[in-house]
1. Could you work out the helix-only [θ] at 222 nm for chain B, with each DSSP H run of four or more residues adding -39,500 (n - 2.57) and the total divided by the number of residues, to the nearest 500 deg cm²/dmol?
2. Explain nothing, just the number: relative contact order of chain A, from Cα pairs under 8 Å at least 6 residues apart, as a whole percent.
3. Let me check against my output: what whole-number percent is the relative contact order of region B:147-193, with C-alpha pairs under 8 Å and at least 6 apart?
4. If we count other beta carbons within 10 Å of each Cβ, what is the order of A:150, A:207, B:36, fewest first?
5. Please report, in whole Å³, the volume per residue of the convex hull around the C-alpha atoms of region B:147-193.
6. Mind checking the dipole of region A:167-223: about its Cα centre, +1 per Lys or Arg Cβ, -1 per Asp or Glu Cβ, Debye to the nearest 20?
7. At 7 Å along the Cα-to-beta-carbon direction for both residue A:143 and residue B:186, put a label point, then send me their distance in nm to one decimal.
8. Taking only the alpha carbons of the protein assembly as shown, what extent do you get along each of the three principal axes, in Å, biggest first?
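Read-outs: derived from the displayed coordinates by stated rules, not from any lab. This is a predicted model, so every value here is computed, not measured. So basically every Cβ, Gly included, is an ideal-geometry build from the backbone, and we count neighbours across all protein chains shown.
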Amino acid sequence: MSDVLSDDGSDINHDDSQEDVMTPAELISKLEEAWLNEKFSPELLENKSEVVECVMEQLTHMEANLQRVKKGDTKASIHRMEIDRIRFVLSSYLRCRLQKIEKFFPHVLEREKSRGEGDPSLLSPEEFAFAKEYYANTETYLKAVALKRMPPNLQTVDMLKAVPEPCLDSFVFLRVKERQENILVEPETDDQREYVVDMDEGSQHLMRFRTIAPLVSSGAVQLI
Amino acid sequence: MFCEKAIELIRELQRMSDGQLPAFNEDGLRQVLQEMEALYEQNQTDVNEAKADGRADLIPSIKLRHCCLLRNQRCVTAYLYDRLLRIRALRWEYGSVLPPNVRFHMCAEEVQWFSQYKKSLASFMRSLGGGEGLDITQDMKPPKSLYIEVRCLKDHGEFEIDDGTVILLKKNSQHFLPRWKCEQLIRQGVLEHVMS
């Protein structure tokens, strides 16, 4: 990345003890992948809070290093730009997630509630708290302003039915990172039949999100 | 015709397709709620009569009124929810203090919702990165240039930039400064980004 980072050897970030040490470049690359996937996916993807935390630590280190650089050094402005760019990607990633959480709030909470024990969580603890508060706030509001003034049998609204779900059949562009064989493509209309495709590494496709959703989670494809 | 007032509420919002928030239509809402009350009471009467006297001919009207009640509920909740989405957008555009002319268009419950939303968002942002916090309502656009042209809106005294130069920020003076140094002052309203 830049020599601002290599000034201090301890800048290399460590994830949890279970994961390998990542270089800063790898970390930022992971952030960008998560960001692009989240931007182009119609539904909320798994949370990547370890990446978020590491990037924030990284930014703090970079800011601290920048303070130590000699004033007026032209490198300083370039490092500054780097910091701003990374912060932009991080903020954009978090904003994108928050927007989806707000847009699909009952469904997001439902998904989180019904996931299996071993499954990775959809929401970070902070996002989960935010989603619950958003739900409660909206429900309280609707009750107070109108629902409680309606006839007795109409004083509740089923949020899961009232709020639209994300459209998983939207088409997305993707690039294949790991070769896939025998991907089943469901028919869209009654006249079509299902068929099977092989996807070569490096190839790019336009497909329905639903077909390749598991490949996004596993990292086998990258949305573009 | 039933449900007309409810549709009018929806149309009111549809007319303002740019996301603006019209004044809260307290009157319109009240009329819809009154219609719902009347429909419900008529249905109660008819249902009792149908049961007591075996008046099966009343059933179609009961069903019709029930459909109208559901439609009214749906239209009202759509109206209220769409307004919430517009109000939510205001937090992201204007920040946590709403301009008074917008607040004037909100009913008390909407102000309450906004206040709660602000709090939730703030505590979410504070908790990011293990308590370090990150204001994600900033950095809305990718950083493009290193230096920007700014105009000073109020007297702010001396201001030192990285290479040691000291700038005097006097009202209405214009400067070409590094972007990161100005962000804070732009947010505070001391400087204004001049885009030519």
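1. Details: 7 runs with 113 residues, N = 196.
It lands at -19000 deg cm²/dmol.
2. Details: 246 pairs, mean separation 45.7, N = 224.
Once divided by the residue count of chain A, the mean separation gives 20 percent.
3. 49 percent
4. Details: A:150 22, A:207 17, B:36 26.
So the residues, fewest neighbours to most, are A:207, A:150, B:36.
5. 58 Å³
6. Approximately 300 debye in magnitude.
7. 4.3 nm
8. If we take the Cα atoms of the protein assembly as shown, the spans are 94, 65, 39 Å.
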